[in-house]
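Below: the structure, in structure tokens.
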Amino acid sequence: MILSQSSLQDFVDCERRFQLRYLLRVAWPAPQAEPQLEHERRMKQGILFHRLAHQRMLGIPSEKLDAMQMEPPLDRWWRAHSRTFLPFLASLGEPLYRYPEITLMGKMGQFRLMARYDLLLVQPGERVLIVDWKTGRRPRRPRMAQRVQTRLYPFLLAQSGAFLNAGRPWEAEQIEMLYWFAEAPTESMRFPYSAAAREDDRQYLNALLERIAALPTGELLPPAEDERACRFCVYRSLCARGISAAPFAEREEEAAPEEAPAWEVDFDAIEPVAF
Ligand code: SF4
């Protein structure tokens, strides 16, 4: 089983949601947030922003990207990216290698852990900066520090990122994570890594995986104790936790593309339609 920060965060927030979404693959037709159309529009804009930032980091000239038609708030996010992130990038000095949209995997116990990085900025032998773009509301720092993403991404880079450093594993102290917020572009959050944090994360992730491996089968797991976990969960009505989704404006993190459930369609099992 391959686990990402999204699936692990689901497990941390609610074991039942993890079970329904990733083990039982239950598709439940309910909006994640309201108003639904506006929420979907914002999600699409978030994906477009990631695509534009990817293209910029690949080296496509900004003038070409700036000339594209953009609706609000994408146009505002993009201008903020130009205004704040590009000068930051220039301040890092050379040599600096960019790896946008790169995926790393690592084995832990019977599981594989996966991280899809928006951007890695590498100064070989010196340091590596993990950059993640966020287009949702900016959470407070303690909350961000507790997110699985903040623990998994540097951990996996330390475990599996030696190929980015001429084959030498990165020291934890050479790794740092930076969240850039489109809605608060001058308030990035940085999380330097350390050997102690790495050991802590190893134990934390190990404990999560042991709990996942020991999940009972054949019974529905209990619902989340903290009902705040249900506010943006599509399984609300299934769990008798209300039928209305919370307003999307209150959602802190945008839905990452990897958060979309990987529904599997067995095309061979689809019956031909007779006309
Ligand atoms: S609605 Fe609440 S209890 Fe049910 S799966 Fe979602 S988070 Fe868990």
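Any number yet on Rg/Rh for the chain, C-alpha, Kirkwood?
Values: Rg = 20.0 Å, Rh = 20.4 Å.
Over the Cα atoms of the chain, Rg/Rh equals 0.98.
May I ask you to list the trypsin sites (Lys or Arg not before Pro) in the stretch 12-55 that are in a DSSP loop and have at most 13 other Cβ atoms within 10 Å of their Cβ? Numbers along the way, then the final one.
Details: sites: Arg16, Arg17, Arg21, Arg25, Arg41, Arg42, Lys44, Arg51; in loops: Arg25.
Passing both the DSSP loop test and the Cβ count: Arg25.
Under a no-solvent Debye model with one identical scatterer per Cα of the stretch 68-130, what's log10 I(q)/I(0) at q = 0.30 Å⁻¹?
Relative scattering, expressed as log10 I(q)/I(0), comes to -1.18.
Give me the percent relative contact order of the chain, please, defined on Cα pairs under 8 angstrom at least 6 residues apart.
Numbers: 358 pairs, mean separation 69.3, N = 275.
After rounding, I find 25 percent.
For Lys64, give me every one of the lysines with a C-alpha distance below 30 angstrom, ignoring sequence neighbours fewer than eight places off in its own chain.
Reachable lysines: Lys44, Lys134.
A short reminder: the numbers here are calculations on the coordinates, not readings from a lab. For clarity, every value in this text was computed on a predicted model and none was experimentally measured. Here the Cβ is made from the backbone with ideal geometry for all residues, glycine too, and neighbour counts use every protein chain on show.
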